[in-house]
Amino acid sequence: MSAPVITANLLTKKYKEVAAVDGISFEVAPGESFGLLGPNGAGKSTTMRMVGAVSTRTSGDLSILGLDPNDHGPEVRSQLGVVPQQDNLDMELRVRDNLIVYGRYFGIPNKTAGKKADELLEFAQLSDRAKAKVDDLSGGMKRRLTIARSLMNEPRILLLDEPTTGLDPQARHILWDRLFRLKEQGTTLVLTTHYMDEAEQLCDRLVVVDKGTIMAEGAPAALIRQYSTREVVEVRFGSDRNAEVAERIRGIGERIEVLPDRILIYSENGEAELQKITEMGLEPITSLVRRSSLEDVFLRLTGRSLIE
Amino acid sequence: MTDSTGSRQTTATLQTAERALAAGVKPRKYGSWYVAEHRIRSMRSYFQTIIATSIGNPLVYLFALGVGLASLVDKSQVGQGVAGVGYLAFVAPALLATAAVTVAGEEATYPMMMGFKWNPIFYGMNAAPISGNQIVNGMTIAILARMLPTAVLYFVVMVLFGAVPSTLGIVSVFSAVLTGLAVALVIMSYTSRIEEDKGQMAMIMRFGILPMFLFSGTFFPLTQLPVYLQWIGWISPLWHGTELGRVLSYGMAEPTWLTVVHVAYLGALCFFGWKITQRVVTRRLNK
């Protein structure tokens, strides 16, 4: 195995006395696609800013590409591509100029930056918008432009903070497709998300983060195997009856979770469990058998849902 | 076996680190200039306004004051003018410094606040290898890049109006720019920390720049004001800049120590404004 490109050891960030990130440790291998999954406020973005060498850690060790970002901020950042949670494109400049000025920050000569910008506009499917004003782009296009911008310096590591939040499903799929291509080309991806499907799609390995600490670590499929059953039955009896019914069906499946709007029954065979319920004379308003997902892992680990 | 893997690992890390160290050299050295380049590129979008105001302003002011007001003042002060010179020559250095201060008022307010807020480009720069200090430097260079041509153009129009008796007058371009720079950096040390726009920019213009313009010995010598208002002039960078400009432009008589105070005061405002802004910006980026 080659040396990790990111090593975090007991990484901590405190604001006054409150720890936003509370002693987390992880490693990311070159070419790996690594995710931080957790609800809003879990400390993912703070972690990303520390890894991005713009936020100074309170304690712990952090090494990016063999350098300590405290001592070598600009050097570390010269090797990163950053897609922040909130687009910070320059609204006063046109699409292509946004890429060029950004390239200049890395010391790329004007001419080279222009060529690179054209290539990346092609990659981001924005060539026909090169001269458009940034304000006139759709949310998905702005996101793609931000990704194109983050690639101007041919980064070793690409940091994506909630890359598809706020995008419609079609725009998300286009974006995922672009990220897949980067992954195929060997770019190391580090992304945060509170979308389990995104984490499952894009991450080779991930950590589940809650309240600034790591709850679990592994490949998406392994995490699901470890912390959940193969299938889940979701039944709804109406919000006033769910709790009561849950009591009656205790014992069905391996584990039951009662949420305000539905009951989840964890089992290796969902259909069989659902049949047991109907045999008891209970008729759910709606029922669904599905495969376990990272959402279930998160629920198991924290007792809470990812999206609240 | 482990040994060779270990050393391979080390070599790979070293190469990676070396590559990063090499890539950091240019941004560390020229980062401020890249920021300035970005800002100047943005100015292009209002380039026509910049040109129109830099040519229009001196024409309008010098015409109104030089041909209009000056004829009135000079008639009533027959033979002595104001402070011993014609009114136009008296007022021109003040207008020149004011032109630089006006640029400061535009470029040090909204662009500085916007960079964190409505058009948060500073965060983007900082995610690239650019540091907070370099952002401040670059913004300052960009302000200078607009201020200097503005002052030069103003000066040319002044010469055309015959408002610059002394050949040393050309140096007043730089005293004006120094004045504008001092005002810009002081404003930036404040606007860089604004989290929310509650009309502070309008306040700066109304209660900062405008009174400074009116009470800095611009249109009449500061000594004409009652003593209890003269302090406005003493703390006003515009007064110091204007007096400096008058010394250069028509050889206004004042003690040498006072001329030194003008330069030192403006220099000190620049220095502290610059340092404080750098601190504020660096802290604000590092969250």
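The values are calculated or read from the model by the stated rules, or taken from the named source; none is laboratory data. All values reported here derive from a predicted model rather than from experimental measurement. For neighbour counting, all protein chains shown are included, and Cβ atoms are generated from backbone atoms with ideal geometry for every residue, glycine included. Just the protein is used for accessible areas: all its heavy atoms, side chains included, with ligands, DNA and RNA removed. Shrake-Rupley method; radii C 1.70, N 1.55, O 1.52, S 1.80 Å.
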> In region A:132-179, what residues are in contact with a helix residue (DSSP H, G or I) (Cβ under 9 Å, 6 or more places away or on another chain), within 13 Å of chain B (Cβ to nearest Cβ), outside any helix (DSSP H, G or I) and surrounded by 15 or more Cβ atoms within 10 Å (Cβ to Cβ)?
Replying inline: A:Leu151, A:Met152, A:Asn153, A:Arg156, A:Ile157, A:Leu158, A:Leu159, A:Leu160, A:Asp161
> Which ones in region A:85-105 are open to solvent by 20 Å² or more (accessible area, probe 1.4 Å) and within 7 Å of chain B (Cβ to nearest Cβ)?
Replying inline: A:Met91, A:Glu92, A:Asp97, A:Arg104
> What are the residues in region B:233-247 that are open to solvent by 30 Å² or more (accessible area, probe 1.4 Å) and in contact with a Ser or Thr (Cβ under 7 Å, 6 or more places away or on another chain), if any?
Replying inline: B:Val247
>> Looking at the structure I just gave you, is B:Ser71 at pLDDT 80 or above, open to solvent by 40 Å² or more (accessible area, probe 1.4 Å) and either out of contact with any His (no Cβ under 6 Å at 6 or more places or on another chain) or more than 14 Å from chain A (Cβ to nearest Cβ) (or both)?
In response: yes
> Taking region B:24-36, which residues are within 15 Å of B:Gly115 (Cβ to Cβ) and either more than 9 Å from chain A (Cβ to nearest Cβ) or surrounded by fewer than 21 Cβ atoms within 10 Å (Cβ to Cβ) (or both)?
Replying inline: B:Ser32, B:Ala36
> Could you say whether any residue in region B:147-166 is of a type in the set (Gly, Ala, Ser), open to solvent by 20 Å² or more (accessible area, probe 1.4 Å) and within 21 Å of B:Val247 (Cα to Cα)?
Replying inline: yes
> How many residues are more than 11 Å from every other protein chain (Cβ to nearest Cβ), surrounded by 13 or more Cβ atoms within 10 Å (Cβ to Cβ), without any contact (Cβ under 8 Å) to a residue 60 or more places away in the chain and not β-branched (Val, Ile, Thr) if we restrict to region B:37-64?
Replying inline: 1
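Conditions (1) more than 26 Å from B:Ala22 (Cα to Cα); (2) in contact with a helix residue (DSSP H, G or I) (Cβ under 6 Å, 6 or more places away or on another chain); (3) more than 11 Å from every other protein chain (Cβ to nearest Cβ), marked per residue:
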site: A:Ala8; (1), (2), (3): no, no, yes
site: A:Asp22; (1), (2), (3): yes, no, yes
site: A:Pro30; (1), (2), (3): no, no, no
site: A:Thr46; (1), (2), (3): yes, no, no
site: A:Thr56; (1), (2), (3): no, no, no
>> Here's a check for you: in region A:1-22, which residue that is in the same structural domain as A:Lys44 (by TED's automatic domain parsing) and exposed (fewer than 13 other Cβ atoms within 10 Å of the Cβ) is nearest to A:Arg156 (Cα to Cα)?
In response: A:Tyr15
> Can you tell me which residues in region B:167-191 are out of contact with any helix residue (DSSP H, G or I) (no Cβ under 9 Å at 6 or more places or on another chain) and buried (at least 19 other Cβ atoms within 10 Å of the Cβ)?
Replying inline: none
>> Contact list please: Cβ distance under 9 Å, first residue in region A:57-71 and among the acidic types (Asp, Glu), second residue assigned to a loop (DSSP other than H, G, I, E, B), pairs at least six apart or on different chains.
In response: A:Asp61/A:Asp68
> Given the residues A:Arg255, A:Arg205, A:Arg178, which is the only one that is in the same structural domain as A:Lys276 (by TED's automatic domain parsing) and not β-branched (Val, Ile, Thr)?
Replying inline: A:Arg255
> Which one is least open to solvent (accessible area, probe 1.4 Å), of the residues in region A:262-308 that are within 26 Å of the chain's Cα centre (by Cα) and among the acidic types (Asp, Glu)?
Replying inline: A:Asp296
> Residues that are closer than 29 Å to B:Lys198 by Cβ: which helices (runs of 4 or more DSSP H) entirely in region B:46-149 hold 3 or more of them?
Replying inline: B:47-62, B:87-107, B:110-114, B:121-127
